[in-house]
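Student: Can you keep this structure in mind? I'll have questions shortly.
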Amino acid sequence: MAGVALTPVIVLGATGSIGRQTLEVANHLDLPVLGLAAGTLSEKIIELAYHYPDASVAIAHPPAGTIDAALKHRIAFGPGAVAALARTPHTIVVNGIVGAAGLEPSLAALEAGNRLALANKESLLTGGPIVLETLRASDGDLIPVDSEHSAVWHCLRGERADEVRRVILTASGGPFHASPDVNLRDVSVDDALAHPTWNMGRRISIDSATLMNKAFEVIEAHYLFELDYDQIDVMIHPTSYVHSFVEFVDGVVKAEVGPPDMKKPIQNAMTAPRRVGASVGSPSLAGVELSFSEPDRERFPALDLGYRAGRRGGNGPAILNAADEVAVAAFLEGRIRFTDIATVVEETLETVPAAPVTSLAEALESDAIGRTAAGEAIAARTFR
Ligand code: MG
């Protein structure tokens, strides 16, 4: 791109949805891809390894079988290999890993002074305090890759932190917000997976249906923009066209707007603070439906659980996330009802004592404790 020096990329979670779209954007921007990481050795990652001959490859879980001789020297195995890849100097590390396994590579990228383009929400949920501390102590920077936080990032450009009154995160409301008569206790897995505006993975689709995803985003916004929880609001906006708002002390409200497309926040994280030719089309504004309403906090109790866990701080967000992951898996397997997800999460938050998170080990331990406690909460009672 003319006049803009762009940095090579490392793509963590290369075979997932964020990884795939990151590679499309890297291709559009002509960025070299120097590293690819995935959880397991799949056909897909092998294909990518051949497609990007200059890329080092890291696979978190070593395979049982043998590997092509041609690839052997380029592939490293184990979770440490993924973190080592994230330390490749002078790169942009796009972290699209799903789960708490994303935390260590996030810390590694920042420690190495790299830009961290963050799509792994567990980095902030499981290890928010240590990510912030590492960021402050390093030369690295962090740009969010999530439509809402990217929008807030744009709205805050050139603004003073002490002039922000509040941030308003928009939420599609999921498949059930528009139908208040549906009894959420009886909804099926398929009903809950039918997200109205974004086509996403199974867990995040369920998290959108419960509003837990928005609860997570509230916590992420707290860490990313160093806002008090009182300064973060949520508004239901079914078409997902306004990606979020920032309101300033003088009453001015800014928004970032456009059709839902993750390539925009991904590209921004790669080119910021510069703007270069888009990998997405120009948004058509005519005929777009813009409506906003307050979330129904009684019908969707997960939202307030997020505020509660966030205000508790320390291990609160890690427990919230771990419990939700276990509860969503149980719902997808038909073991609990849709409305039990929030109940399990609430019980887990009440069972596990508050504790600080000051190291990677403490963060991962909180995640494990939350997971075990949620499993016990599910097993201890008959939900059906
Ligand atoms: Mg989002």
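Student: How much net charge surrounds residue 49 when only other residues with a Cβ under 14 Å from its Cβ are counted (Lys, Arg +1; Asp, Glu -1)?
Tutor: -1
Student: What list of ³J(HN,Hα) couplings, whole Hz, do you get for the range 333-339 from phi and the Karplus terms 6.51, -1.76, 1.60, once you set θ to phi - 60° and write x for glycine and proline?
Tutor: Coupling constants for the range 333-339: 8, x, 8, 9, 7, 3, 6 Hz.
Student: Follow-up question, since we're still on this one. Give me the 1.4 Å probe accessible area per residue for the range 9-144, excluding ligands and nucleic acids, in Å².
Tutor: Dividing the accessible area of the range 9-144 by its residue count gives 41 Å².
Student: So, one more: Counting Lys and Arg as +1 and Asp and Glu as -1, each charge on the Cβ, what is the dipole of the chain about the Cα centre in debye, to the nearest 20?
Tutor: 680 debye
Student: Still on this model: What fraction of the Cα pairs in the range 9-144, stated in percent, has a spacing above 21 angstrom?
Tutor: It works out to 34 percent of all Cα pairs.
Student: Can you tell which of 128, 32, 114 lies farthest toward the positive end of the dipole of the range 9-144, using +1 and -1 charges on the Cβ of basic and acidic side chains (Lys, Arg; Asp, Glu)?
Tutor: 128
Student: What does the charge count near residue 172 come to, summing +1 for each Lys or Arg and -1 for each Asp or Glu among other residues with Cβ under 13 Å from its Cβ?
Tutor: Spelling it out: positives minus negatives among the neighbours equals -3.
Student: Give me the orientation-averaged projected area of the Cα convex hull of the range 314-362, in nm², one decimal.
Tutor: 3.5 nm²
Student: Using DSSP, restrict attention to beta bridges with both residues in the range 156-311 and report what percent are antiparallel, rounded to the nearest 5.
Tutor: Among the beta bridges of the range 156-311, antiparallel pairing accounts for roughly 70 percent.
Student: Also: For the range 245-384, with the dipole built from +1 on Lys and Arg beta-carbon atoms and -1 on Asp and Glu ones, taken about the Cα centre, which of 255, 342, 279 lies farthest toward the positive end?
Tutor: 279
Student: On to the next question. When only Cα pairs under 8 Å and 6 or more residues apart are kept, what is the percent relative contact order across the range 9-144?
Tutor: Once normalised by length, the contact order is 21 percent.
Student: Could you tell me the distance between the Cα centroids of the range 86-125 and the range 159-221, to the nearest Å?
Tutor: Between the Cα centres of the range 86-125 and the range 159-221 lies a distance of 24 Å.
Student: Could you compute the net charge surrounding residue 120? Neighbours are other residues with a C-beta less than 11 Å from the C-beta of residue 120; K and R count +1, D and E count -1.
Tutor: -3
Student: Could you give log10 I(q)/I(0) at q = 0.11, 0.14, 0.19 Å⁻¹ for the range 107-235, computed by the Debye formula over C-alpha point scatterers of equal weight, without solvent?
Tutor: -0.45, -0.70, -1.09
Student: Oh, and also: Let me see the pair-distance distribution of the range 70-123: every alpha carbon pair, 5 Å bin width, integer percents in order.
Tutor: Going out from 0 Å in 5 Å bins, the range 70-123 shows 4, 23, 29, 23, 13, 5, 2 percent.
Student: Residue 365 label point, 7 Å along Cα→Cβ, cut-off 13 Å on backbone N: hits in the range 308-334?
Tutor: Only 315 fall inside the zone, counting backbone N under 13 Å.
Student: Please sort by residue number the GluC sites (Glu not before Pro) in the range 307-367 whose DSSP state is loop and whose Cβ has at most 12 other Cβ atoms within 10 Å.
Tutor: Answer by residue number: 333.
Student: Could I ask something else about it? For a quick check: with amide H placed at 1.01 Å from N, whose amide H comes under 5 Å from residue 76's, ignoring anything fewer than 5 positions away on the same chain?
Tutor: Excluding prolines and chain starts, which carry no amide H, the hits are 57, 58, 59.
Student: With only Lys, Arg, Asp and Glu charged, each at its Cβ (+1 for the first two, -1 for the last two), find how big the charge dipole of the range 9-144 is about the Cα centre; round to the nearest 20 debye.
Tutor: In debye, rounded to 20, the range 9-144 gives about 120.
Student: Taking the Cα centre of the range 244-338 as origin, work out the dipole magnitude from +1 charges on Lys and Arg Cβ and -1 charges on Asp and Glu Cβ, in debye rounded to 20.
Tutor: 320 debye
Student: Residue 214: which lysines have alpha carbons under 22 Å from its alpha carbon, excluding same-chain residues fewer than 8 sequence positions away?
Tutor: Once the sequence-local lysines are set aside, what remains near residue 214 is 121, 254, 263, 264.
Student: Using amide H atoms built in the peptide plane, which far-off residues or other-chain residues are under 5 Å from residue 117 H to H?
Tutor: 93, 94, 95, 143
Student: Got a sec? Charge dipole of the range 9-144, +1 on Cβ for Lys and Arg, -1 for Asp and Glu; which of 103, 63, 90 is way out at the positive end?
Tutor: Of the options given, the answer is 63.
Student: Just to check I understand the Karplus step: with θ = phi - 60° and J = 6.51 cos²θ - 1.76 cosθ + 1.60, what whole-Hz values come out for the range 229-236, glycine and proline as x?
Tutor: 4, 5, 9, 10, 10, 10, 10, 7
Student: Still on this structure: Residue-wise, which Karplus ³J(HN,Hα) couplings in Hz belong to the range 89-105, taking 6.51 cos²θ - 1.76 cosθ + 1.60, θ = phi - 60°, and x for glycine or proline?
Tutor: x, 6, 10, 9, 9, 8, 9, x, 5, 9, x, 5, 4, x, 5, 4, x
Student: Just the number: Rg to Rh for the chain, Cα atoms, Kirkwood Rh, two decimals.
Tutor: With Rg and the Kirkwood Rh in hand, the quotient comes to 0.96.
Student: Determine, for each peptide in 126-133, 142-149, the mean count of other beta carbons within 10 angstrom over its residues, then list the peptides with the highest first.
Tutor: 142-149, 126-133
Student: Quick one: pull the percent of accessible area on the chain belonging to carbon and sulfur, 1.4 Å probe, ligands and nucleic acids left out.
Tutor: Roughly 52 percent of what the probe reaches on the chain is carbon or sulfur.
Student: Near the amide H of residue 257, under 5 Å away, which other amide H atoms are found, from residues 5 or more places off or on another chain, if H is placed in the peptide plane?
Tutor: 243
The values are calculated or read from the model by the stated rules, or taken from the named source; none is laboratory data. The structure displayed is predicted, hence computed values, not measured ones. Glycine also receives a Cβ, built like all others from the backbone with ideal geometry; neighbour counts cover every protein chain displayed. Ligands, DNA and RNA are excluded from the accessible area calculation, which covers all protein heavy atoms including side chains. Shrake-Rupley method; radii C 1.70, N 1.55, O 1.52, S 1.80 Å.
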